[in-house]
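The values are calculated or read from the model by the stated rules, or taken from the named source; none is laboratory data. No experiment lies behind these values; they were computed from the predicted model shown. Heads up, the Cβs are rebuilt from the backbone with ideal geometry, glycines too, and the neighbour counts pull from every protein chain shown.
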């Protein structure tokens, strides 16, 4: 499958989503991956902030308070979503502004978290999921865990703290614009429901962990102009291989002067390899990978 942790657009406009949809259709065809296995979540660049501002103005005129998630900012994303998936059973709507992707043939389910719930044209750019969404996913993922399906999470914003500083403020999510402000609650509520979590937003090397049990992997953008990203962060994509007992990450980066993709060795601490493997004791995944063979003494 192909997982996109956003941003699909630059500023949430219709023409940008049309280009993204056309590209994903070509990618799906080229890789022979059906669009039912091309999975997306919204990112901060997928929001139409002009529509959000108009919504706030309408609320002001009607003398009522704007209500999160300020849904008009998603109108173009929802239109793209419906056009791309067509008859697939996936959904994204004002009533449920997140997505669940069950892939029956793999006994795998993907939780498409929406981490842009609190963002508007006024607010700072930070990640937030909220209690309503957490409640819904906690209930839904529990069913798949009981059935032994592999449970993969997709989210746009960084799903962990980015600093190892001993200063208290360094580990305060409210001071970090790139992370989920409710990451602590997210971890408490969903650590038992997820097997692995993928995020985008900023490129963080290697594999991190949720309570030493759930691997968290991030990827950089694949097509950002050099002026819009730090020089040490290349355009990158990753191939991730998951087995019953481990996960392997293969990172690729684009080198402009070579005009081709090469291995990205920055994913390893010593910079000597562009693949990284970690042993993982995945919990309750017997429907996906089969039961562990019984040991014979």
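Scanning region 145-160 for residues that are surrounded by fewer than 22 Cβ atoms within 10 Å (Cβ to Cβ) and either at pLDDT below 55 or within 18 Å of residue 114 (Cα to Cα) (or both) turns up just one, 160.
Just one of the numbered conditions (1) surrounded by fewer than 13 Cβ atoms within 10 Å (Cβ to Cβ); (2) more than 21 Å from the chain's Cα centre (by Cα); (3) closer than 22 Å to residue 4 by Cα is not true of residue 271: (3). Residues that are modelled with pLDDT of 90 or more, within 17 Å of residue 197 (Cβ to Cβ) and in a loop (DSSP other than H, G, I, E, B): does region 242-264 have at least one? The answer is no, given that none of the residues of region 242-264 is modelled with pLDDT of 90 or more, within 17 Å of residue 197 (Cβ to Cβ) and in a loop (DSSP other than H, G, I, E, B).
Surrounded by fewer than 11 Cβ atoms within 10 Å (Cβ to Cβ), over 17 Å from residue 199 (Cβ atoms) and free of Cβ contacts under 8 Å to residues at least 40 places away in the same chain: is that true of residue 230 in this structure? Yes, satisfied. Screening 107, 44, 63, 76 for residues that are over 26 Å from residue 158 (Cα atoms) and in contact (Cβ under 8 Å) with a residue 12 or more places away in the chain leaves exactly one candidate, 107. Between 88, 94, the distinction of being surrounded by fewer than 18 Cβ atoms within 10 Å (Cβ to Cβ), under 17 Å from residue 2 (Cα atoms) and in contact with a helix residue (DSSP H, G or I) (Cβ under 6 Å, 6 or more places away or on another chain) belongs to 88 only. If the condition is being at pLDDT below 95 and assigned to a strand (DSSP E or B), then region 107-127 contributes only 127.
The residue of region 199-213 that is surrounded by the fewest Cβ atoms within 10 Å (Cβ to Cβ), among those that are touching a helix residue (DSSP H, G or I) at 6+ places or on another chain (Cβ under 7 Å) and under 15 Å from residue 238 (Cα atoms), is 206.
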